[in-house]
Amino acid sequence: MLAKSKILCVVGALALAACSPSNSNDGGTDVGAWPSDIVSENGDIAFPEGFLDWPTLGAWSTADESGTANGMHQVYATPGTAAAYRETGEFPDGTVLVKEVRGAATASLSTGAASYATDKGVWFVMVKDAKGRFPDNTLWGDGWGWALFEAKDPSKQVATDYKKDCLECHIPAKDTDWIYIEAYPVLWKDGKPPIPKWLDGVKAAIDGETDDAPAAMSATDVEVERPTAFGVCSSCHSVEKGRNGIGPSLAGVFGRTAGSADGYNYSEEMKSSDAVWDATNLDKHLTDPKSVVPGNKMVPLFEGVVDANDRKAIIDYLESI
Ligand code: HEC
Ligand code: HEC
């Protein structure tokens with residue numbers, strides 16, 4: 001951190017505030033300065049040492065099938081980020097976000113079953129780049145630099161191409177600059193939780209108001225014409241073989257046994273189901289995603305397709321790919 005403050009002091013007038021000793025989380029410190037201590041001239045991203053002293057935006061906990069916490073994701077940001085975001089609705093240029101993924105343990109405490117973070121595992125790092133500084137670097141694009149570090153060797157950045165390694169999973173948060181802001185109370189204007197924008201998008205597309213097919217997924221287009229109603233599926237499913245997003249690739253899903261796409265981390269329910277995705281089962285699954293495989297993890301994310309014609313168009317399309 002010392003080295004960083006020094007660099008920031010040299011960078012320019014805007015960053016002068018960073019020289020002040022009260023580098024706390026109340027805004028207006030080194031926010032807005034370019035983090036040249038972790039971003040090299042050609043856009044390589046180094047591990048942001050010292051981020052544990054930054055304010056957190058918020059946290060997520062993940063759970064296994066039985067609902068027991070098995071992971072904690074704590075998200076840290078450059079000091080001052082939250083105040084600037086509340087003011088402008090944007091992440092200032094140079095903002096660094098770090099999502100630290102740890103395991104979780106659960107203990108019976110005086111509050112009841114309480115879960116807490118344990119060993120560190122990986123760090124997902126994003127650097128806001130409002131200027132498109134590195135057009136030829138595959139770690140940069142869509143307004144951010146994207147990086148990944150593993151606990152076994154944090155000195156090594158392991159992501160190679162943000163479009164493959166990161167972007168697809170962030171499509172549901174595209175409208176909020178790719179960030180899942182619904183989990184970060186310090187970013188909420190007036191302290192009110194926003195309705196996740198991606199949920200709006202999913203609903204609108206179900207109602208047929210938009211064809212929200214996101215660019216990254218549509219880049220994997222196939223020859224067969226894709227029905228408008230499939231737009232909503234693309235937020236989570238690619239139709240390219242082997243390319244899994246939030247949901248598994250749907251290439252060849254027609255006629256396939258549930259839970260059998262290569263390389264996708266299915267729920268136990270989906271994995272152990274022997275349902276075959278024929279037209280009847282697909283129609284049921286799309287009408288009510290919990291009908292064919294109860295408890296599968298598409299359920300809380302997606303409510304189903306109301307219109308029978310839309311379902312038919314989607315199923316015909318799935319049969320063709
Ligand atoms: C499997 C899907 C998936 C992949 C792959 C993925 N992310 Fe995320 N990321 C998410 C989700 C979902 C969240 C919020 C919920 C959570 O943490 O569980 C998130 C949160 C984050 C956050 C915290 C800020 C926010 O958006 O809420 C950062 C930073 C982040 N991801 C960076 C990355 C980077 C960099 C990569 C690629 C190296 C990447 N992610 C790859 C799904 C993914
Ligand atoms: C918000 C994310 C999301 C949306 C939107 C979504 N799905 Fe899914 N889908 C998932 C997830 C996650 C799974 C994996 C479920 C599991 O493993 O339990 C899944 C599983 C499936 C499966 C089973 C695949 C297999 O290999 O067994 C099919 C078929 C499917 N989805 C079709 C669709 C279609 C068609 C649409 C659009 C009408 C759609 N999904 C929309 C997230 C989504």
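The values are calculated or read from the model by the stated rules, or taken from the named source; none is laboratory data. No experiment lies behind these values; they were computed from the predicted model shown. For neighbour counting, all protein chains shown are included, and Cβ atoms are generated from backbone atoms with ideal geometry for every residue, glycine included.
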Problem - Scan of region 122-136 for residues that are surrounded by 15 or more Cβ atoms within 10 Å (Cβ to Cβ) and over 17 Å from residue 56 (Cα atoms), ordered by number - result: 129, 133, 134
Problem - Every pair of residues 6+ apart whose Cβ atoms lie under 9 Å, when the first sits in region 108-129 and is under 30 Å from residue 36 (Cα atoms) and among the acidic types (Asp, Glu) while the second is more than 9 Å from ligand 1 (Cβ to nearest atom) and assigned to a strand (DSSP E or B) - result: 119/102; 119/103; 129/39; 129/140; 129/141
Completion exercise
In region 256-283, anything touching an Asp or Glu at 6+ places or on another chain (Cβ under 9 Å) and of a type in the set (S, T, N, Q) is listed as 257, 267
Handout entry: Qualifying residues in region 74-114 (those that are closer than 20 Å to residue 148 by Cα, polar (S, T, N, Q) and surrounded by 22 or more Cβ atoms within 10 Å (Cβ to Cβ)) - the one farthest from ligand 1 (Cβ to nearest atom)
Key = 78
Exercise for the section: Looking for whichever is modelled with pLDDT of 50 or more and touching a Lys or Arg at 6+ places or on another chain (Cβ under 6 Å) here; the options are 37, 30, 53. Which one fits? Expected result: 37
Exercise for the section: Could you tell me which residue of region 278-308 is nearest to ligand 2 (Cβ to nearest atom), considering only residues that are free of Cβ contacts under 8 Å to residues at least 60 places away in the same chain and more than 28 Å from the chain's Cα centre (by Cα)? Expected result: 281
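Condition check ((1) out of contact with any strand residue (DSSP E or B) (no Cβ under 7 Å at 6 or more places or on another chain); (2) among the hydrophobic types (A, V, I, L, M, F, W, C); (3) more than 21 Å from residue 234 (Cβ to Cβ); (4) not in a helix (DSSP H, G or I)) across all residues:
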| site | (1), (2), (3), (4) |
| --- | --- |
| 147 | no, yes, yes, yes |
| 159 | no, yes, yes, yes |
| 165 | no, no, no, no |
| 169 | yes, yes, no, no |
| 174 | yes, no, no, no |
Fill in the blank from the handout: Among 220, 138, 210, the single one that is at pLDDT 70 or above and either not charged (D, E, K, R) or not in a helix (DSSP H, G or I) (or both) is 138
Practice task
Answer yes if at least one residue in region 296-312 is touching a strand residue (DSSP E or B) at 6+ places or on another chain (Cβ under 7 Å) and either over 29 Å from residue 174 (Cα atoms) or surrounded by fewer than 20 Cβ atoms within 10 Å (Cβ to Cβ) (or both), and no otherwise.
Solution key: no
Exercise for the section: Go through 302, 230, 254 for me and flag whichever is more than 16 Å from ligand 1 (Cβ to nearest atom), modelled with pLDDT under 85 and either part of a loop (DSSP other than H, G, I, E, B) or touching a Phe, Trp or Tyr at 6+ places or on another chain (Cβ under 8 Å) (or both). Expected result: 230
Problem - Residue in region 257-270 that is more than 16 Å from ligand 1 (Cβ to nearest atom), modelled with pLDDT of 90 or more, more than 21 Å from the chain's Cα centre (by Cα) and part of a helix (DSSP H, G or I) present - result: yes
Practice task
Taking only region 238-251 into account, find how many residues are without any contact (Cβ under 8 Å) to a residue 40 or more places away in the chain and either away from ligand 1 (no atom under 14 Å from the Cβ) or over 19 Å from the mean Cα position of the chain (by Cα) (or both).
Solution key: 3
Fill in the blank from the handout: By residue number, the members of region 51-72 that are closer than 19 Å to residue 267 by Cβ and within 17 Å of the chain's Cα centre (by Cα) are 60, 61, 62, 63, 71
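Taking residue 141, is it in contact with a Pro (Cβ under 9 Å, 6 or more places away or on another chain) and farther than 18 Å from residue 180 by Cα? Quick ask: steps written out before the conclusion?
On the way: in contact with a Pro (Cβ under 9 Å, 6 or more places away or on another chain): yes; farther than 18 Å from residue 180 by Cα: no.
In short, no.
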